[in-house]
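This report concerns only the one structure given below.
The values are calculated or read from the model by the stated rules, or taken from the named source; none is laboratory data. The structure displayed is predicted, hence computed values, not measured ones. Methodologically, a virtual Cβ is constructed for each residue, glycine included, from the backbone with ideal geometry; neighbour enumeration extends over all protein chains shown.
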Amino acid sequence: MLTFLGQRLIQALIVMFVISLVAFAIQDNLGDPLREMVGQSVSLAERQALRDEMGLNDPYLTKYSRFIVNALHGDLGTSYFLKKPVLDIILDKLQATLELVFGAALIILFVSIPLGVYSAIHPKSISTKIIMTLSSLGISVPVFLTAIMLMYIFSIELNWLPSYGRGDTINVWGWETGFLTKDGLLHLILPCISLASIMLPLFIRLVRSEMLEALGSEYVKFATAKGLSLQKIYYQHALKNTMLPVITVGGVQIGTMIAYTILTETVFQWPGTGFLFLDAINRVDTPVITAYVIFVGLIFVVTNTFVDLLYGLINPTVDITGKGA
Amino acid sequence: MSLLEIKNLCIEYPSRHGVHHAITSLTLNIERGEIVGVVGESGAGKSTIGNAVIDLLSPPGIISSGEIYLNGEKISGLNNKEMRKIRGSKIGFIFQDPMTSLNPLFTIEKQLTETILANLDVTKEEAYTRSISLLEQVGISEPKLRIKQYPHQFSGGMRQRVVIAIALSAEPELIIADEPTTALDVSIQDQILTLIRNLCIDKNVGCMLVTHDMGVVSNITDKIAVMYKGELVEFGNTKEVLDNPAHDYTRSLISAVPRSDVKQHRFPLVSYIEDAEPLPELDIKTHWLGQSETQREYNGALLNVDNISLRFLTKDSFFASRREYVQASNQVSFHIKEGETFGLVGESGSGKSTIARIIAGLYTPDEGNITFEGINLSALKSESERRPFRRQMQMIFQNPYTSMNPRMKIFNIIAEPIRFHKLAASEAQVRQIVHDLLDHVGLGRLAGLKYPHEFSGGQRQRVSIARALATRPRLLICDEPTSALDVSVQAQILNLLKDLQEELNLTMLFISHDLPVIRQMCDRVGVMQKGTLLEVAETEQLFNQPAHPYSQHLISLMPVFKGLKINQK
C-alpha cells in the first residue's frame, strides 16, 4: 500500500513537472497582457517600464524558475485583471464547479446504471431499442446545443427554471453551497443535466455491454444452476462484476468533467472555474491560465490515483500492495 | 421408477441458415446411486443433454419434442419459477472450468451460503455450519479459515472441490457433472472422481458424467452412453460396451484412446471420425521439404540442455531481501538425440512449458546453457546470429484457437516464416511449398484461401503443424499439442506427427501432462515437478519400473483404460 502510494507520488511529480513546463510555455504565445491591463493613454516607455517591473522581459528559464519557486511556496501568481492571488480565485470558483460536477455525476450514476442494466437484461424489448437509439443520438449532440435547447424549453417557453447563475447559496463551514436552498437547487438542474448529457450515453452503453458480458459468463450460468433467484443473479452476481470497468472509466471521466465544464458554465453563466478560464483567455490573464492548466492536471492525477485505490478495494484479485502476476 | 428419465428428446437450434438438430430422439435413464458416463466428440451434443435437463440451453436452443422426468414428475417445459425449485435442490450441476464458474468478487462463504439459503429452509447460522461441514466433506482443510477467502486464493483443484460442495449443498438427488476434471491435473482428477464416486454411493445420488476421457469412463462409470452427431448410438453397461462395442463409431473412439499399457506404432481405425482424405504422396528426397541447407556433420546430441535455472518474480518489493520468487526451472539438464522424441511430463505448474520456451529462445534463463548441434545458443549476442537457430527450432502451441492471427488467411500464416527466413527462391515457389504442405497435413490446398475461424480445432492444429514445418525445422517443440482436442482428433494429429517424424527425421520435444499420450509418442521421458527434473528414463522403463517416488505416484494415478479387445487385432 505504501509502496503503491510512493510510486504514485513519484509519477505524479513527474506528470506535474511536465504539465507546468507546457503550461508555462504557452504564456508567451497568448498575446500581450499589457494591452488589456492599461489604457490607450499609457506611453510606450511607461509600458516598457511596467514590463520590466512585472518581469515579462526576463528570459524564459528565469521566469520559469521564479514561477516554480513561488509555486512551491503556495503562490501561483497574481491575476493581472483581478489583482488577487490566483490560488484564491481558483479555490473560490472551484466550489461552484464541484457542485455542478457532483450534480451531473449523480444524474449519470442514477440514470445510466438502471438503464444500462435494464437494456442488458431485456435486450429485445422496445424500451431497450428506444434507450439505445436515444443514447446514440445523445453522443452526437454537442453540449452547447443541449444546453441552449434546455434553456429555451424550460426557462423561456415554460418559465419553470432559471437560466443563469447559481441563485441563493448559503455558507456552510466556508463552503458556498447551492444544494441547501430551493433557489440554489433550481439553478443547478439545467446545468447539471447539460453537463451529464455528454457522458450519459457513453455510460449507458458501457454498463450495458459490461452487464451483457457478465450475464454470459460461466459464474452466472452456475449461479442459475444453483437455483438462485433472478434478482440475486442480476443485482448481486452480475452487477458487481459490471461495476469494475465502470469505476475505472468513471474515474477518468470525472476528471474530464471537472476540467471541461467550460462550455456548460459559459452557456449558463455559471461562476465556476471553466467560466473563469474563458474570461482569463479573453483578457490574456496569463497567471490564471497557467495556474488553471496545472490545476486541471492535478485533478486528473488525484482522481486516477483514487480510482486505482477504490478498484483495489472492490476487486479482491487486485492487490495494490505490489504483488505481481 | 428411474431417477431421471429422458424420453425421445429432440433439441434444435434454429438459425437463419436453417435448423441445427443438436439432439435427435434421445432416450436415457439414470438410476439412483448410478454413474452414467456420456461420451462423444465435441459438438456431439453431450453437454446439451445436461443443459436441457436443468433448462439452461444457451439461446436459441429449444426442446422441440420429448419429455424429461425426475422421479416420475415431468420437469421439461416448467416455467422459470418452478424450474428454480428443481435447480440446486433436486439437481446439482458441476461445470467444466472451476476457474470461471465461481464469481471472482464474492467469498466462498457468500457463494455457498446463498445457495443453501435459496434452496433450504434454514437460518443463516445453520447455513454457515452446513457450509463448513460441506467443505470438510469435499476435503478442504481449515474450512473456517478458507471459507472467508476469495476464489482466486484457491488452486484449480480446490476450486472444483468448492464447486462440488456448492452443487451438493442442498442435497440434490441428481448430479450433472459436465467435464468436471478436464481442466485439472491427473492427481487432482483422481481425487475429484473418487469424491464424486463416494458421494454417489454414500448418499444414493445419481450422476450424469459428461466427459471425453475414456479412461475416466472406464474407471468410474456404471453405464456408458455414446453420443455421435446428436444421436445416442450406444447405451449400456460400461464393461459390456467397452468390451463389445456394437457401433462403428464406438469402436473407432475406443481405438483412438492412447493406451497406457502398451506402446503402439500408430493409432488404428481413426478414419471414421473426420473424413481425412488420403495424403498425396510426396517424394521427400527430392522435395523442398527434404532438402535442408544447413545439414552439417555433427555426432553429438542435437540439443543439450545444461543446468538451466529460471525464476520469476512473484512479489516485488523495494528491498531485495523481501522480494519473492517462484523457481520455474531448477538446474534442469537433459539432451535430445537426432531423430528422437523426448517427452516432458508433469503436472501444471511443474515448469514443462518454461523449459520449452527457454529452448525456443522466448525466455532467457538466469543460468545454464542451451547447446544446439554443439553451438551454445546462450552465447549468441545478436538477433541475426540467433535467427538460423530460430528457424531450425519450431513450436507447436497448445491452443490452436489463439496461436494464429485471426485476420490472416491460412496461406499467409504458413507462407510468413518461409518469406521471413527467405527460404524460397521466388513467390511462385512459396506458393508451391505452401500448397504441398497443406496437402501433406491433410487439409488440401484450397484451405489456404480460408481464415482460421473456418476450421475446427483439429484442422487448426494441422495448420499449426504445417506452419512449423514451413521453415524445414530439425527440432519440433510440441507444447501440449493435443490437449485441447478430442481423442479421435488427437489420434489423427499424433499419427500425423509420427508420420512426419519418420519421413523427415525430425527431432521432437514433446510436452504433455497426459501419460498415455507420452507413452505412445516418446522414446525417452523426463518427469518434472516444481521446476526440477526428477528422472529421465526410456519410456517403457519409466512406465514399467518408475524409479523416483513421484513418478511412481503419477503412474499409479493414470486412469487405465481397460478391456479393449479390438486393439489387439
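Which residue is nearest to the other protein chains (Cβ to nearest Cβ), if the candidates are limited to the range B:160-187 and must be among the aliphatic types (A, V, I, L, M) and within 14 Å of the chain's Cα centre (by Cα)? For the range B:160-187, the residue satisfying everything is B:A183.
Is it true that some residue in the range B:330-347 is of a type in the set (D, E), in a loop (DSSP other than H, G, I, E, B), at pLDDT 80 or above and touching a helix residue (DSSP H, G or I) at 6+ places or on another chain (Cβ under 9 Å)? Yes: one or more hits.
Considering only residues that are at pLDDT below 85 and over 20 Å from the mean Cα position of the chain (by Cα), look in the range A:12-23 and name the one that is nearest to the other protein chains (Cβ to nearest Cβ). The qualifying residue nearest to the other protein chains (Cβ to nearest Cβ) is A:L21. Which of the following residues is within 30 Å of the chain's Cα centre (by Cα) and aliphatic (A, V, I, L, M): B:V430, B:V434? Going through B:V430, B:V434 in turn, the sole match is B:V434.
Residue pairs whose Cβ atoms lie under 6 Å apart, sitting 6 or more positions apart in sequence or on different chains, and linking a residue in the range B:473-484 that is of a type in the set (D, E, K, R) to a partner that is assigned to a loop (DSSP other than H, G, I, E, B), are B:D479/B:F397; B:D479/B:Q398; B:E480/B:Q398.
Number of residues in the range A:137-179 that are in a loop (DSSP other than H, G, I, E, B), surrounded by 12 or more Cβ atoms within 10 Å (Cβ to Cβ) and among the hydrophobic types (A, V, I, L, M, F, W, C) equals 3. Among the residues of the range B:247-260, those that are out of contact with any helix residue (DSSP H, G or I) (no Cβ under 8 Å at 6 or more places or on another chain) and either in a loop (DSSP other than H, G, I, E, B) or not acidic (D, E) (or both) comprise B:H247, B:Y249.
Of all residues in the range B:85-109, count the ones that are within 11 Å of chain A (Cβ to nearest Cβ) and farther than 15 Å from B:E173 by Cα. Adding up the residues that qualify gives 13. Pairing residues of the range B:202-229 that are closer than 19 Å to B:D248 by Cβ with residues that are among the aromatic types (F, W, Y) and assigned to a loop (DSSP other than H, G, I, E, B), at Cβ distances under 9 Å and at least 6 apart in sequence or on separate chains, gives B:M214/B:F561; B:V217/B:F561. Scanning the range A:193-236 for residues that are more than 24 Å from the chain's Cα centre (by Cα), charged (D, E, K, R) and either assigned to a helix (DSSP H, G or I) or more than 9 Å from chain B (Cβ to nearest Cβ) (or both) returns A:E213, A:E218, A:K221, A:K232. When the residues of the range B:411-452 are filtered to those that are part of a loop (DSSP other than H, G, I, E, B) and basic (K, R), the one that is surrounded by the fewest Cβ atoms within 10 Å (Cβ to Cβ) is B:K422.
Within the set A:L87, A:L76, A:L134, A:L98, the sole residue that is touching a Pro at 6+ places or on another chain (Cβ under 8 Å), part of a helix (DSSP H, G or I), touching a residue at least 40 places away in the same chain (Cβ under 8 Å) and at negative phi turns out to be A:L134.
Across the range A:241-286, the number of residues qualifying as away from chain B (no Cβ under 14 Å) and either part of a helix (DSSP H, G or I) or within 26 Å of A:E210 (Cα to Cα) (or both) comes to 29.
B:A44 meets the stated requirement of being of a type in the set (A, V, I, L, M, F, W, C), buried (at least 21 other Cβ atoms within 10 Å of the Cβ), more than 11 Å from chain A (Cβ to nearest Cβ) and assigned to a loop (DSSP other than H, G, I, E, B).
Listed here are the residues, each with its yes/no results for (1) outside any strand (DSSP E or B); (2) surrounded by fewer than 16 Cβ atoms within 10 Å (Cβ to Cβ); (3) in contact with a Gly (Cβ under 7 Å, 6 or more places away or on another chain).
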site: B:S2; (1), (2), (3): yes, no, no
site: B:I11; (1), (2), (3): no, no, yes
site: B:L28; (1), (2), (3): no, no, no
site: B:G37; (1), (2), (3): no, no, no
